[in-house]
Amino acid sequence: MTYINPFEVALKQLEIVAKEIDLNEDFHERLKHMERIMIVSIPIRMDTGKLKIFQGYRVQHSTIRGPAKGGIRYDLGVNLDEVKALSMWMTWKTSLLKLPLGGAKGGVQVNPNELSHGELERLSRRYAVEILNIIGPTKDIPAPDMNTDAQTMAWIMDTYSMFKGETTPGVVTGKPVEIGGSLGRTRATGMGLFFIAKSITKKLGLNLSEMKVVVQGFGKVGKVIAEELYNFGCKIICVCDITAGVYSESGLNIHELAEWVSMGNNLKDYEGTTGELIPSIDVLTLDCDILVPAATENQITKKNADKIKTKIVLEGANGPTTPEADEILNSKGIVVVPDILANSGGVLVSYFEYIQDINAYFWDIDRINQELGKVLQRTFEEVYKISQERKISLRTAAYIIAVSGVAKALELRGLYP
Ligand code: GLU
């Protein structure tokens, strides 16, 4: 497969919207650049006694609307251009939701499955120390992303707090609830996707419970959306992880599959009552009503977009569709609900966590779900309306709101000095 640079994709998306809104040239130029890039090496004593060095990044694309916000991923594929793209996408996501936050992302180039628990802890703590000066509750607030979780956040929070000499829950979101995390954060991205799935099917006059669904990725995001749709009555005909897809035309038993992976198993070894194994690569082109790419970037490209047979693409991952593929899907009448809207439930509940930490007052799950629904509903309606009025894709409509919000902040704040 030819490598597609996610940062070039991100710049292209910005260029499309810049034309659409006649974006001031200076603002466009500023937004093409990252405010701050930090590249660190992370030396770790492995369990064998040997020293190993990992490369880490923290990139802040924009703090013009507030402290930078965005996850940290652990993956072998992490590189600077990927983190830059992800960071820019966070700026758009927080602006679209009108949160008083900017955009950032971090990553470490590592295969976390090859590390022991102790090695992972040392890696997370040393990475936290290396980026310590540029993060903080009023500067930049990391969160989980691919292959990181509440435990990772707890280590980062503890390390930061030890250095500062005071417990600082607000330095990260996605923490365990016992140390200042928010109820509902773990499932938030998937819950947000589910919410958006309800809104979009309603607009299109489709009955969600009758939909045939394919989910690519069965991790923190894919598993939750599969479970929610399954409980709602949808037929989930295929799910996959990096090792294999599991397929059944009459519908899979998602609870069984979720239990299988929760025991640490891969789907390629799945021995359940429903489904046959298929290669992961074939999953995206199965005939379905809703396709949820919830794995990683650049999955739907000009190479396979033509073969996609679905009514709706609901982007659980960040950047799963390239601009060329977008055009092909649009021309086929496939509705793409863009990542910055579809998967924004995660950062939204992160924001709720951040304000709960500031106030040291915690909400119950009903309030979380209610506020989540309220903001997503408002944002969805806003995006949908612009896309109808201007006869443009939901992505371009979402980008219009997001980029205009950032441009307005650039205008109001002016240029220092
Ligand atoms: N990593 C998630 C995302 O890509 C969440 C970021 C956050 O909560 O700050 O949106």
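The values are calculated or read from the model by the stated rules, or taken from the named source; none is laboratory data. These numbers come from a predicted model, not from an experiment. Ideal geometry is used to build each Cβ from the backbone, glycine not excepted, and the neighbour counts take in all protein chains shown. Only protein heavy atoms, including side chains, enter the accessible area calculation; ligands, DNA and RNA are left aside. Shrake-Rupley method; radii C 1.70, N 1.55, O 1.52, S 1.80 Å.
How much solvent-accessible surface does W363 expose, in Å² to the nearest 10, with a 1.4 Å probe and all protein chains in place?
Roll a 1.4 Å probe over it and W363 shows about 30 Å².
On a C-alpha basis, how far is the centre of region 136-168 from the centre of region 199-259 in Å? Whole number, if you could?
With region 136-168 and region 199-259 each reduced to a Cα centre, they are spaced 32 Å.
Calculate one ³J(HN,Hα) per residue across region 108-113 by plugging θ = phi - 60° into the Karplus curve 6.51 cos²θ - 1.76 cosθ + 1.60, and present them in order as whole Hz with x for glycine and proline.
10, 7, 7, 9, x, 5
Ordering M88, M46, M162 by how much accessible area each has at a 1.4 Å probe, largest first, what is the list?
From most exposed to least exposed: M162, M46, M88.
To one decimal place, what orientation-averaged projected area in nm² is obtained for the convex hull of the Cα set of region 235-303?
4.8
Rounded, prolate or oblate for region 278-319? Axes are the square roots of the Cα gyration tensor eigenvalues, ordered a ≥ b ≥ c, and the cut-off for rounded is a/c under 1.5.
rounded
What accessible surface, in Å², does a 1.4 Å probe find on I400, ignoring ligands, DNA and RNA and rounding to the nearest 10?
10
Taking only DSSP H segments of four or more residues, each worth -39500 (n - 2.57), what value at 222 nm results for the chain once the sum is divided by all its residues, to the nearest 500 deg cm²/dmol?
When only DSSP H runs of four or more count, the value is -14000 deg cm²/dmol.
Hey, what D do you get for region 125-250 in µm²/s if you plug the Kirkwood alpha-carbon radius into Stokes-Einstein at 37 °C and 0.692 mPa s?
Reported coefficient: 197 µm²/s.
Give me the number: length gained by fully extending E20 to T167, i.e. 0.36 nm times residue separation minus the C-alpha to C-alpha distance, one decimal in nm.
Residue separation times 0.36 nm, minus the Cα-Cα distance, leaves 48.3 nm.
7 Å from Cα along Cα→Cβ at both S331 and E381: what's the point-to-point distance in nm?
So the two model labels end up 3.6 nm from each other.
Need the list of lysines near K268 for cross-linking: C-alpha distance under 30 angstrom, and skip anything on the same chain fewer than eight residues off.
Filter leaves K212, K220, K223, K235, K302, K303, K307, K309, K311.
Give me the percent of the accessible area of region 281-370 that comes from carbon and sulfur atoms, probe 1.4 Å, all protein chains in place.
49
Using the Cα atoms of the chain, I'd like the radius of gyration and the largest Cα-Cα distance, Dmax, both in angstrom.
Gyration radius and largest Cα-Cα distance of the chain: 20.5, 66 Å.
With a 1.4 Å probe and all protein chains in place, put H61, H28 in order of accessible area, largest first. Can you show the working numbers first?
Working: H61 5, H28 35 Å².
Highest to lowest solvent-accessible surface, that is H28, H61.
For the chain, report the accessible area per residue in Å² (1.4 Å probe, heavy atoms, rounded to an integer).
That works out to 42 Å² per residue.
Which order, highest average first, do 293-302, 36-45 follow once you tally other Cβ atoms within 10 Å for each residue and take the mean per peptide?
In decreasing order of mean packing, 293-302, 36-45 become 293-302, 36-45.
Amide H neighbours of D140 under 5 Å, at least 5 residues apart or on other chains, H built in the peptide plane: list them.
The list, which skips near neighbours in sequence, is A68.
Sort the following peptides by mean Cβ neighbour count (other Cβ atoms within 10 Å, averaged over residues), highest first: 219-227, 113-121, 149-157.
219-227, 149-157, 113-121
Heavy atoms only, probe 1.4 angstrom, no DNA, RNA or ligands counted: give me T186, T274, T201 ranked by accessible area, highest first.
T186, T274, T201
List the relative contact order of the chain as a percent without decimals, with contacts defined as Cα pairs under 8 Å and 6+ residues apart. Walk me through the numbers on the way to the answer.
Details: 841 pairs, mean separation 65.6, N = 417.
It rounds to 16 percent for the chain.
Provide the gained length on full extension for the span D47 to T243, in nm with one decimal, where the gain is 0.36 nm per separating residue minus the Cα-Cα distance. Numbers along the way, then the final one.
Numbers: separation 196, 0.36 × 196 = 70.56 nm, distance 2.70 nm.
My answer for the length gained is 67.9 nm.
Kirkwood Rh over Cα pairs of region 352-415 into Stokes-Einstein at 10 °C, 1.306 mPa s: D in µm²/s?
Roughly 113 µm²/s, to the nearest whole number.
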